[in-house]
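Structure first, commentary second.
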Amino acid sequence: MLTIIIKGTNGCNLACSYCSLGEKKNFKYIDEESLKSLMIFACNLAKYRKEQKINFILHGGEPTLISPEIYDVCISFIKKKYSELDITISMQTNGLVLTDKFLQIIKKYDINVGVSIDGSEKIHNSERKTIDGKDSFTMVAGNIEKMLADNVQVSCLMVLTKNALENDLEYLRY
């Protein structure tokens, strides 16, 4: 299976203590035509390699900063154009914002969602502040619960920091 990670933006709505993106300014976002072209190229590569499956991972920055309509148009197009391929879509998100439209897209295309959450509320909030300095745990945890209630397949990713390790096994409790 061919896996393609799509980093559609360098933008992010968090200011994590360990962020590698640097200052949060001059964001760039992929447009519909560029995303479609990238997906076409990847599907043609999969066919050339005689792959039966291809997985697109929507990544970032933060992939939910891109319009859900762009994803909808591009995923719909690619699934129709390359119906002979088993195309799966995954998303790695910080989980801060989950609009109803994004939830509809996630469900429509059975997108596997990975949410970055750094353990307990205390640890997570010490590492993952919004870009305006606010705690993010309540919003992220609420969006995880919202997806689970809608039968979305959700997994979690945690950055294990020195701070987490200094708090016994608290990082595993949530």
Handout entry: Whole-Å semi-axes of segment 1-55's equivalent ellipsoid (Cα gyration tensor)
Key = 30, 14, 6
Fill in the blank from the handout: Per the charge dipole of the chain (beta-carbon charges, Lys/Arg positive, Asp/Glu negative, Cα centre), the residue among ALA141, GLY11, VAL73 reaching farthest to the positive end is VAL73
Fill in the blank from the handout: Mean shadow area (nm²) of the C-alpha convex hull around the chain is 10.5
Problem - Highest-first arrangement of 74-82, 60-68, where packing means the average Cβ count within 10 Å - result: 60-68, 74-82
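Could you list the GluC sites (Glu not before Pro) in segment 79-174 that lie in coil according to DSSP, counting only those with at most 15 other Cβ atoms within 10 Å of their Cβ?
Answer in residue order: GLU84, GLU166.
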Handout entry: With Cα atoms, 0 to 90° folded angle of helix 137-149 axis to the chain main axis
Key = 50
Fill in the blank from the handout: For the chain, the longest principal axis of the Cα atoms and the Cα long axis of helix 32-48 enclose an angle in degrees, to the nearest 10, of 70
Handout entry: Cα pair count fraction exceeding 13 Å, expressed as % - segment 49-108
Key = 65
Problem - Qualifying trypsin sites (Lys or Arg not before Pro) for segment 128-174 [loop in DSSP, other Cβ within 10 Å: at most 16] - result: LYS134
Fill in the blank from the handout: XL table LYS108/LYS146; LYS7/LYS80; LYS36/LYS107; Cα-Cα > 27 Å flagged, in table order, is none
Problem - In degrees, nearest ten, helix 68-81 long axis to first principal axis of the chain (Cα) - result: 40
Handout entry: Net charge of Cβ neighbours under 9 Å - reference THR88; Lys, Arg +1; Asp, Glu -1
Key = -1
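Bear in mind that the values in this text are calculations on the coordinates, not laboratory data. Note that the structure is a prediction, hence the values are computed from the model and not measured. In this analysis, Cβ positions are derived from the backbone assuming ideal geometry, glycine residues included, and neighbour counts consider all displayed protein chains.
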